[in-house]
1. Under a Cβ-Cβ cut-off of 15 Å, what is the net charge of the residues other than residue 278 that fall near it, where Lys and Arg count +1 and Asp and Glu count -1?
2. List residues of the range 242-271, by number, whose backbone nitrogen lies under 17 Å from a label position 7 Å along Cα→C-beta of residue 226.
3. In Å³ and rounded to a whole number, note down the convex hull volume per residue for the Cα atoms of the range 206-313.
4. Sorting 223, 255 by accessible area (1.4 Å probe), largest first, what list results?
5. How big is the shadow of the Cα convex hull of the range 244-285, averaged over all directions, in nm²?
6. I want the local charge near residue 266. Using Cβ-Cβ distances under 15 Å, sum +1 for each Lys or Arg and -1 for each Asp or Glu among the other residues.
7. Sort all Cα-Cα distances of the range 159-230 into consecutive 10 angstrom bins from zero, then give the percent of pairs in each bin up to the one containing the longest distance.
8. Hey, can you find the accessible area per residue of the range 161-312 for me, probe 1.4 Å, expressed in square angstrom?
Amino acid sequence: MTEPGEFADRSVQRSWVRRVGIAGALLGILAVCAAVPSGCHPGPASYALRLIPASEAAVACGWLHRRYRRRVADARAVSDAVQGVLLRPLPSRIGGLALASVYRASGGQARVGGDLYAVARADAATRVIIGDVRGRGLPSFLDVIAVLGAFREWAPQARSLTELSTRLEESFLRHLADAHDDADERFVTALILEVPDSESPARMVNYGHPPLVRARPGEVALLPGHPCPPLGLSSLCDVRAHESVFELGPDDTLLLYTDGLIEARDCSGVCFPLLERAATWTWNDRLRCSQDCLRGVLGQILDDIVAHCGALPADDLALIALARQGERGRAALPRRS
């Protein structure tokens, strides 16, 4: 699920490069001093002269190292604070749903990247968004803020998923209109989900995002929904948000993810085989509670990614697993015969 933006990490790296250059210059002075003889017959004074630059260089390198570590720690503390405000941890339970999530940003010291997710209550339903902002650095970080801010404002009050989707698109277009850098090339893929508390059908709007996975006993399938252009590109084609309806029963589990999962590649360039691996994961275990089972699924996914790639992917990665839970959800939704 990168960190207060790649931009903060780059700033620290540039500062570190400058300091390494200074340390290199000091070590160069040391080498010259050590190579230049101090008279025909070196004596104690000559050896002392050679040791002075060495001690100074060692002190300077130690100072630079300590300062760099402090700067990294400060940047990480700021990024953790930003993540806590911007990408709030998802609750383990909301309404009639149990949830588990993973957010891992791409390499570096930052904690907030171009992937996003959030959840909100709206009357007797739960609404979820997961998305992926195009690009990296400060512009993408600002786009994440814009989308999450709009979702948190409108998700609790929009009367339908279509209205919510329209509000998000309008808000993001206003955000891009105020942007000064390559606004025409910025967009967000997103999947917006609505799960009523007391009805089996769930609804979603897919803005060019990877399809969600629905797992039920004996079946794992992709549910792409009706395709819509990513947020920010509606001006290029007049396509309105279109709701897709699908069944979400008490024994079903949904997996929402970003392309960091399906684009994870092994050493041969082969992408992660999502459906093939998904058929082996333990989606439903009646001996464990829903939250434990969902966390177990996400753990299996991460293990399989590492087994496939040799390491976690270099791209941002966000995962959400959810299922109906509790007396409210199960009482209202009879099991399939």
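1. On the way: positive: 214, 216, 277; negative: 219, 252, 276, 303, 304.
My count for the surroundings of residue 278 gives -2.
2. It comes to 242-247, nothing else.
3. Working: hull volume 13.1 nm³, N = 108.
Each residue corresponds to 121 Å³ of Cα convex hull volume.
4. Values: 223 30, 255 0 Å².
So the residues, ranked largest to smallest area, are 223, 255.
5. Values: hull surface 17.1 nm².
For the range 244-285, averaging the hull's shadow over all directions gives 4.3 nm².
6. On the way: positive: 265, 277; negative: 263, 276, 303, 304, 315.
Its environment carries a net charge of -3.
7. Histogram of Cα-Cα distances, whole percents per bin: 17, 40, 28, 11, 3, 0.
8. I get 46 Å² per residue for this part.
The values are calculated or read from the model by the stated rules, or taken from the named source; none is laboratory data. Quick caveat: nothing in here was measured; it's all calculated off a predicted structure. Note: ideal-geometry Cβ built from the backbone for every residue, glycine included; neighbour counts use all protein chains shown. The protein model used for the area step is the full one, side chains on, heavy atoms only, and it has no ligands, DNA or RNA in it. Shrake-Rupley method; radii C 1.70, N 1.55, O 1.52, S 1.80 Å.
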